[in-house]
1. Answer yes or no as to whether residue 70 is in contact with a Pro (Cβ under 7 Å, 6 or more places away or on another chain), modelled with pLDDT of 95 or more and closer than 14 Å to residue 16 by Cα.
2. Between 139, 192, 154, which is of a type outside the set (Asp, Glu) and either more than 21 Å from residue 317 (Cα to Cα) or free of Cβ contacts under 8 Å to residues at least 12 places away in the same chain (or both)?
3. Specify the residue that is least open to solvent (accessible area, probe 1.4 Å); the eligible residues are those in the range 39-74 that are acidic (Asp, Glu) and near the ligand (Cβ under 9 Å from one of its atoms).
4. Need the failing condition index for residue 183 against (1) open to solvent by 30 Å² or more (accessible area, probe 1.4 Å); (2) assigned to a loop (DSSP other than H, G, I, E, B); (3) of a type outside the set (Lys, Arg); (4) away from the ligand (no atom under 14 Å from the Cβ), just the number.
5. Checking the conditions here, which among 30, 58 is of a type in the set (A, V, I, L, M) and out of contact with any helix residue (DSSP H, G or I) (no Cβ under 9 Å at 6 or more places or on another chain)?
6. Which of the residues belonging to the range 137-147 are within 9 Å of the ligand (Cβ to nearest atom) and either touching a helix residue (DSSP H, G or I) at 6+ places or on another chain (Cβ under 7 Å) or on the phi > 0 side of the Ramachandran plot (or both)?
7. Is the range 120-127 home to any residue that is at pLDDT 95 or above and near the ligand (Cβ under 10 Å from one of its atoms)?
8. Could you check the range 4-37 and list, in sequence order, the residues that are surrounded by 21 or more Cβ atoms within 10 Å (Cβ to Cβ) and either modelled with pLDDT under 95 or of a type in the set (Ser, Thr, Tyr) (or both)?
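The values are calculated or read from the model by the stated rules, or taken from the named source; none is laboratory data. Remember, it's a predicted structure, so these values are computed and weren't measured experimentally. Glycine also receives a Cβ, built like all others from the backbone with ideal geometry; neighbour counts cover every protein chain displayed. For the accessible areas, the whole protein counts, side chains as well, though only heavy atoms, and no ligand, DNA or RNA atoms are used. Shrake-Rupley method; radii C 1.70, N 1.55, O 1.52, S 1.80 Å.
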Amino acid sequence: MSPRAPALSDPRPVLVTGAAGFIGYHVAEALLARGERVVGVDNMNAYYDPRLKEERLARLSASPGFEFVRLDLAEPAPTAALFAACRPQRVIHLAAQAGVRWSVSHPEDFVTANLVAFLQVLEGCRAVGVQHLVYASSSSVYGDQARQPLHEGSGADHPLSLYAATKRCNELMAHSYAHLFGLPSTGLRYFSVYGPYGRPDMAVYLFAEAMRAGRPIQLFNHGDMVRDFTYVDDVVAGTLAALDHPPAAGPAPEDDDPARSAAPFRVYNLGGGSPRPLVDLVDALERALGVTAIRELVGPQPADVRETRADVSRLADAVGYAPSVPLEEGVRRFAAWYLGRSGR
Ligand SMILES: NC(=O)c1ccc[n+]([C@@H]2O[C@H](COP(=O)([O-])OP(=O)(O)OC[C@H]3O[C@@H](n4cnc5c(N)ncnc54)[C@H](O)[C@@H]3O)[C@@H](O)[C@H]2O)c1
């Protein structure tokens, strides 16, 4: 679709950015399955092998309700043209430069993809009067907090990486547009998402690759890490439930809660709700792949958070979020996909 030509008539499509990415692909697929029309956007960058992005897109493109637009959301004119052409009422913004460690060595990528592009998306939403913007934030905004589980009401002002800083900044930018222009927005702080079609730069995939090749896997902080792993189907369910519950403006909250305000603005944790030591992931992968891992215990990474435990009660109360896929089952499903890909 050219960004200038409105290709889809009402009902208006949901605009999903980062649709060729891991979570965007699954979210778009679920929207299509429930009968929505979807316009997917992605710039198909080569941060990881774009063939995986092509593979995801090919699956989405099999659905008549899906259209794809390749563009860089950091570019103002084409992004404005896209919003004018498709006039979405709902936007799920998942396009971003991800990767905590990558942000240490490639800070510019994060400013462009996560701040400049986010502004263009906000502007597009403002221009066409979007009724709900849902966007990806991250558990990394919490930094290294001793007080666990992590709760939206606690502070998120000491990020350990530029990636985390850009995600926190997105929340603040979204708040300003909610206040100034009445743009309802929901930020979702995702916690370590994994599953089929997952990202090759993340632990589950990296470990699987190394284990199958007989290479050692590195366990940072000598393996002393806890993650609230979240299976992608739970992420999709939580994201769509949030989409269906746009926040309304209301009276200012009496407490000093940073995740609430008088503006139509919310921020929620979206985690699996069952935090596990990193070694449990390795154990589950060993069973699912039928290989033994060579474990190499190495020191901590400065941008890494040691522990993430999500308090998901707010999202549960607000939209009925109830994660249901335990780590062992999720890893089995990941492994089935991983082993089924050609060449394995
Ligand atoms: N996967 C996780 O565990 C996790 C955890 C916390 C937050 N998040 C956030 O969730 C979102 C989706 O993550 P993912 O794991 O699917 O990552 P992903 O890298 O697979 O998907 C992001 C997609 O955005 C696209 N993109 C990047 N910059 C763009 C731009 N300027 N214009 C258009 N497209 C662009 C990329 O090509 C990619 O396909 C991201 O915002 C990420 O920061 C993910």
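1. Criteria not met by residue 70.
2. 192
3. Here the residue is 42.
4. So the condition that residue 183 fails would be (1).
5. Going through 30, 58 in turn, just one is of a type in the set (A, V, I, L, M) and out of contact with any helix residue (DSSP H, G or I) (no Cβ under 9 Å at 6 or more places or on another chain): 58.
6. Within the range 137-147, 137, 138, 140 qualify.
7. yes
8. 17, 25
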